[in-house]
Structures are given as structure tokens and as C-alpha cells.
1. Which whole-Hz ³J(HN,Hα) couplings does region 72-81 yield from phi under the Karplus relation 6.51 cos²θ - 1.76 cosθ + 1.60, θ = phi - 60°, glycine and proline marked x?
2. Would you mind calculating the gained length between GLU205 and ARG135 on full extension (0.36 nm times residue separation, minus the Cα-Cα distance), in nm to one decimal?
3. Under a point spin-label approximation (7 Å from Cα along Cα-to-Cβ), what is the THR243-ALA159 distance to one decimal in nm?
4. Obtain the nm distance between the two label points defined at LEU142 and GLU60 by a simple spin-label model: each point lies 7 Å from its Cα along the Cα-to-C-beta direction.
5. Please find the FRET efficiency linking GLN53 to ARG121, where r is the Cβ-Cβ separation and R0 is fixed at 41 Å, and quote it to the nearest 0.05.
6. May I ask you to give the solvent-accessible area per residue for region 87-243, in square angstrom, as obtained with a 1.4 angstrom probe?
7. With labels modelled as points extended 7 Å from the Cα through the Cβ direction, what inter-label distance (nm, one decimal) is found for GLU77 paired with ARG106?
8. Stokes-Einstein D for region 70-119 at 4 °C, 1.567 mPa s, Kirkwood Rh over Cα pairs, in µm²/s?
Amino acid sequence: MTADDMMVEDPITSLPTKSTADHALALVRGAISAVPTVGGVGAELFAMIVRAQYDRRAEEWMRDVGDRLRLLSERDEHRFCALFEDEEFASVLIAATQAATRSHRREKTKLLANGIEQSARKIDVSTDLQLLFVRFVDEMTLTHVTLLRMLKTRGNDVASVKSYLALYDMFTADTQATCTTEEFQLFCNDLAARVLARFSASLDEFPGVAESNAIVTEDSGRGTMVLVSDLGRSFLKFVGLGT
């Protein structure tokens, strides 16, 4: 073997000789360090208030995602090693870490961690959509996600509902949600605005909430009234709530 040959190393086999757990945690620590933190004398009081909570959230997030990456390394070592050079995965990890440290809801950080696990496993969803889905989790409430999941699970039933009131009754009965009818309408509108679900213009509005004056109308009772879009199905798959 020549001297030149000795200088050429396999980028995968030449990883530092740390344990798998160390490598997994190193990935997440890098994402956490990329999250902007407060600085300057004028921000000291603010930092004192939020720092303890931020550190706790960051530690829980690092432990959860690190464990998931460690399990990936046991199933697919080659894919795990490739993560260190995967800039697209790093972008998703950093975005999800920023969102996770902003939320106090463990259920929401679990959705984000599910997304990181799917991204690490090379889910068949483009990086742009993965980043968009991270933003959706960050912006939406858990009720939005619960509603979307219910619409998918009960696809045959919601396809023929004739009013938002019927849909509301179905949702509250299935999930024991305590939202008002106005809040429910807002959740539906938010899902529609993100093209995660589609609601027919022929659906009867809640009494007193809005009057329907659609320019383009459909024959009442005909066709599909409510459905989860392909984008919505991809979102649910990304956050670990769909197949």
C-alpha cells in the first residue's frame, strides 16, 4: 500500500470511534446549538425566566430524538452514518428542534420527533414538504391534528355529511373534544387553507356563524362532502399517525 493509499479513507468507516449513542446525541446537540438564544445585557432578565424551561425542553428533546436515532443505527447502520453528511436531514432536524423547544406540549414534540424519525429513515416525502409539515405542527394545535386524523379514519362517514354541525357532533363524540362550534369552524378552515383537507361548499354552515353565499355551488347531498387530501395523508404519515 502506498502512502497516498493510506491517506484515502472511507468517509463512513473513518467515523470517530464513539459509541452509537454518542453519535446520535451529537446530531441532536448540533441541532440544539443552531437554535438562536438570547444575548446581551438587556436580555438577562428574560434569559433568567426562560432559560430553565428551555434547557429542560432541549434535554427532553435531545434524549427522545437521540434514542430514536440510536435505534435506527441498530437497524440500518449505513443509513445512520449517512445522516452526518445529509444536509437535507440536518435542515429538517434543526427546524423541528426549533419548533420543539417552543412548545410545552409533550404530545406536539412527539409528533415532531416522529417526523425526525421518518426523515432519518428516508421517508418518500420531499424535503420541502417535510419542512412545511414541521411548520404546520409548529403553527397548528393538537386539536387540528386530531381533527385531521379523525377525518381520515372515518373517511367513509365524513364523505356524506351534510353540515358542519353533523361533522362537529361526530368529532366531539369520537374525541371528547370541548371546542365550541366557532372554534371547530376555525379548525376546519385552517386545515382547508393548508390544503390538508377539503370541505364542500354545499356543507350547511353552523346556525348564526355564517351565511353561505357560494359563487360556485354543488347539488346538496351529491358527491364527496369532506375528504383528507393527499397532502394531508402525507402529513399524517410524516408525524407518525398514518400509513
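1. Running phi through 6.51 cos²θ - 1.76 cosθ + 1.60 with θ = phi - 60° gives 4, 4, 6, 8, 8, 5, 5, 5, 4, 5 Hz.
2. 22.3 nm
3. It is 1.8 nm.
4. Going by the 7 Å Cα→Cβ label model, 1.0 nm.
5. The computed FRET efficiency comes out at 0.85.
6. Roughly 51 Å² per residue, with all protein chains present.
7. About 3.4 nm, to one decimal.
8. 112
The values are calculated or read from the model by the stated rules, or taken from the named source; none is laboratory data. Computed from a predicted model, the values in this text were never measured in an experiment. For neighbour counting, all protein chains shown are included, and Cβ atoms are generated from backbone atoms with ideal geometry for every residue, glycine included. In case anyone asks, the SASA skips ligands and DNA or RNA and just uses the protein heavy atoms, side chains included. Shrake-Rupley method; radii C 1.70, N 1.55, O 1.52, S 1.80 Å.
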